[in-house]
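The next block holds one structure in the form of structure tokens; read it before the comments.
Each value in this text was obtained by applying a stated rule to the coordinates, not by laboratory testing. Keep in mind that what you see is a predicted model, and the values were worked out from it rather than measured. When we count neighbours, we look across all protein chains shown, and the Cβ atoms used for this are built from the backbone with ideal geometry, even at glycine.
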Amino acid sequence: MAKLTREDVLKLARLARLELSDEEITGFQSELSEILQYVEQLQDVDVSGLKPTNQVTGLTNVMREDEVRDYGYKTEELLKNVPKVKDNQIEVKRMLG
Amino acid sequence: MSQWLPIADIAAKVSTGELKATDLVEQALKTIDEKKEFDAIIATTEERARERAQKVDAGEIKGHLAGVPFIAKDNFLTFGAETTAASNMLRGFVAPYQATAIEKLEAEGAICVAKANLDAYAHGASTENSDFFTTKNPHDKTRVPGGSSGGSAAAVVLDMAPFAIGTDTGGSIRQPASFSGCVGYKPTYGLVSRSGVVAMASSTDVIGPLTRTVEDTALILDVMAGRDDLDSTTIEADKAGYAKLDGSLKGKKVGIIREHMGESLDPKIIAVIESSVKKLEAAGAEVTEISLPSLPMALAVYYILCPAEVSSNLGRYDGQRFPYSYAEAKDLDDSYFGSRGRGFGKEAKRRIMIGTYVLSSGYYDAYYKKAQTVRTKLINEFSEAFKQVDFLVGPVAPTTAFKIGQNANNPLQMYLADIMTVAVNLVGNPAISLPAGMVDGLPVGLQLMAPQKADRELLELAKSTEELLV
């Protein structure tokens, strides 16, 4: 039975790059445990001889020619939702603090 | 009674000049304004809608949907208003291009007039997870309209436009259609391109219409369906199209799903479903009971696979590429944590956390891979069932619309609202919710399901069924 500790929640939050408040950490500890306990009913299902399904309509490797198509978009237009742009590139903060 | 004619009639009358697209757009905008207390709409696209209406009236834009106003769930990229997916993360996002579905509707002359509310990123069953506001049920303002396409369903029932479009990942079109009282259609996986739609769980996400009648739904599907180079999961549409339906119930084999008629269901809802099935039988359908033994596991499968895919699809909202960014961040890592921690609402975070857990090393086999394998078992059981019957029938949801706030502190209880809708998303089959009756003043939907790619046959059955239920 999955019962998440505070450390488990903090580890997940770190992996997912989520800053959580103390209240959220406590809340998620019980909520996520409850949800995981619910989905754990699958552990008892017999799936011997079965393979996992990833794609339901049976399509595999849909290929196309590797050629440039012009959809008429301008770089500036595609960047207009980006918080910080410099010389038509996305500007981010320095990686090492 | 609705103020709107059948969609085909509206388009025909606009094409002959008997109706003016500009009047239809004003009529839709007026209704949206008059019914704004239901909070179904996030924003109108009125300026662009008026311009397009003028072009339709001038004969510059023609087609099967000429001048027909519609409302798009706000996770469709559209011009004329922001596209937010009801999330703070995307507040201020101006789409640089439109969703393929929108482009196809517009190419036939339809006019988008507004963007409808939803649970943020489509995570929810009530619109209560919208980062902005909760939509009210058209039949009772103290109740939810269902979700996540709750704004779209409410908008159709409130008669704001002849149709709306939504997305269905685990029931998000059918369940609000059932709660609010309209037709809601989930096509076969891949039948409608998802290009330009904010992704939730890519292995189950589909796009579909919400309308007043099956005929309207069929016409909209006909326009939206088919292959699209911008979505490699798309499949070919039926060569006969979907717009012209015939067929009768005589000799059709319909299976009642035993696992969905159990004790957990409100007896009054069972009564509505049973009376609907009797009508099908009286009209000549051969009704039998069908068992899909793994069906009770579908929700558990879904709540592993869906959060896993959500955690991946929401990875792009990192504070660098989309509007919301934590301004006080010291460095890049701080910007990721701060932007995601502050920008995402509680349900998005919850799903990211679950998804991260089931995909993390050490747990992947026990959760994610196991769920994908039980999914195969479900697919096999559905295939077996469709060897015995042409269609499956059952309820859409275990309850009618619940009170706003009732499940707010119990996420698992909220997830249970999807228990009868998620299975077809996992197996990729089409399904429809039809208004079947009322229980204590609230609508109840009847769900019909068909084999993959039998969308046309399903719509034909639904049309014959609808005539019996009205």
Relative to the first principal axis of the alpha-carbon coordinates of chain A, what is the inclination of helix A:6-15, with its axis defined by its Cα atoms, in degrees from 0 to 90 and to the nearest 10? 20
Aspartates and glutamates with Cα under 17 Å of B:Lys30, excluding same-chain neighbours fewer than 8 positions away: B:Asp39, B:Glu46, B:Glu47, B:Glu51, B:Asp159
For a footprinting-style exposure proxy, rank B:His260, B:His123 by other Cβ within 10 Å, fewest first. B:His260, B:His123
Using the alpha-carbon centroid of each, what span in Å lies between the stretch A:12-53 and the stretch B:260-308? 27
What lysines does A:Lys3 reach when the alpha-carbon gap must be under 19 Å and sequence neighbours fewer than 8 apart in one chain are set aside? A:Lys11, B:Lys349
Please state, as a whole number in µm²/s, the translational diffusion coefficient that the Stokes-Einstein equation yields for chain A at 25 °C and 0.890 mPa s, with Rh defined as the Kirkwood radius across alpha carbon pairs. 126
Quotient of Cα Rg and 2.2 N^0.38 Å for chain B, N being how many residues it contains: 0.92
Taking only complete DSSP H runs, can you tell me which helices of chain B stretch 18 Å or more along their own long axis by Cα positions and average at least 0.5 on the Kyte-Doolittle scale? B:298-313
Cut-off 10 angstrom, C-alpha nodes, Gaussian network model of chain A. Which of A:Val68, A:Val47, A:Val56 fluctuates the most? A:Val68
Gap in Å between the Cα centre of the stretch B:105-126 and the Cα centre of the stretch B:315-367? 25
Net charge, B:Leu426 excluded, C-beta distance under 13 Å - Lys, Arg +1, Asp, Glu -1: -2
Charge context of B:Ala43, other residues only, Cβ under 13 angstrom, K/R +1, D/E -1: -1
If I histogram all Cα-Cα distances within the protein assembly as shown using bins 20 Å wide from 0, what percent of pairs lands in each bin? 22, 57, 21, 1
The lysines whose Cα lies under 19 Å from the Cα of B:Lys463, excluding any fewer than 8 residues away in the same chain, are B:Lys186, B:Lys244, B:Lys250, B:Lys252, B:Lys253, B:Lys278, B:Lys279, B:Lys453
Modelled FRET efficiency - R0 45 Å, B:Ala240 with B:Arg316, Cβ distances, 0.05 increments: 0.70
Angle check, please: helix A:22-39 long axis (alpha carbons) against the longest principal axis of chain A (alpha carbons), in degrees 0 to 90, nearest 10. 70
How long is the gain from B:Ser361 to B:Glu289 if the chain were fully straight, where each residue apart is worth 0.36 nm and the alpha carbon distance is subtracted? 21.7 nm
Using a 7 Å offset from Cα along Cα-Cβ at B:Glu37, what residues in the stretch B:390-405 end up with backbone N under 20 Å from the label point? B:403-405
Fully extended, how many nm does the chain gain between B:Glu263 and B:Glu60 (0.36 nm per residue separation, minus their Cα-Cα distance)? 67.4 nm
Would you please classify the overall shape of the stretch B:146-249 from the alpha carbon gyration tensor, given that a ≥ b ≥ c denote the square roots of the eigenvalues, rounded means a/c under 1.5, and beyond that prolate means a/b larger than b/c while oblate covers the rest? oblate
Alpha-carbon radius of gyration plus Dmax, which is the widest Cα pair, for the stretch B:7-224 in Å: 15.4, 45
Give me the net charge for the shell around B:Thr142: Cβ to Cβ below 14 angstrom, other residues only, Lys and Arg +1, Asp and Glu -1. -1
Calculated FRET efficiency for the pair B:Asp23/A:Ala2, C-beta based, R₀ 56 Å, to 0.05: 0.45
Karplus-derived 3J(HN,Hα) from phi for the stretch B:193-202 (6.51 cos²θ - 1.76 cosθ + 1.60, θ = phi - 60°), whole Hz, x at Gly and Pro, runs 4, 9, 4, x, 10, 4, 6, 10, 10, 5
For the stretch A:49-97, using Cα atoms only, the Rg and Dmax in Å read 19.9, 56
Can you compute the modelled spin-label distance between B:Asp140 and B:Met438, with each label point 7 Å from Cα toward Cβ, in nm? 1.2
Along its three principal axes, how long is the stretch B:217-366 when you only count alpha carbons? Whole Å, largest extent first please. 70, 41, 31
Over the alpha carbons of the stretch B:425-470, what is the largest minus smallest coordinate on each principal axis, giving the biggest first in Å? 35, 24, 7
Counting just the Cα atoms, what span does the stretch B:18-125 cover along each of its three principal axes? Round to the nearest Å and put the largest first. 41, 30, 23
Among A:Asp22, A:Asp87, A:Asp66, residue whose mean-square fluctuation peaks in a GNM of chain A (springs only between Cα atoms under 10 Å): A:Asp87
Amide H contacts under 5 Å for B:Ile256, restricted to residues at least 5 apart in sequence or on another chain and with H modeled in the peptide plane, are B:Thr288, B:Glu289, B:Ile290, B:Val393
In whole Hz and in residue order, list the ³J(HN,Hα) couplings for the stretch B:416-423 that follow from phi through the Karplus curve 6.51 cos²θ - 1.76 cosθ + 1.60, θ = phi - 60°; x for Gly and Pro. 5, 4, 8, 4, 9, 10, 5, 4
I'd like the distance between the alpha-carbon centres of the stretch B:182-217 and the stretch B:1-63, rounded to an integer number of Å. 22
Cα-Cα longer than 29 Å, checked against B:Lys239/B:Lys387; B:Lys55/B:Lys141; A:Lys80/B:Lys73; B:Lys62/B:Lys136, kept in input order, equals B:Lys55/B:Lys141; B:Lys62/B:Lys136
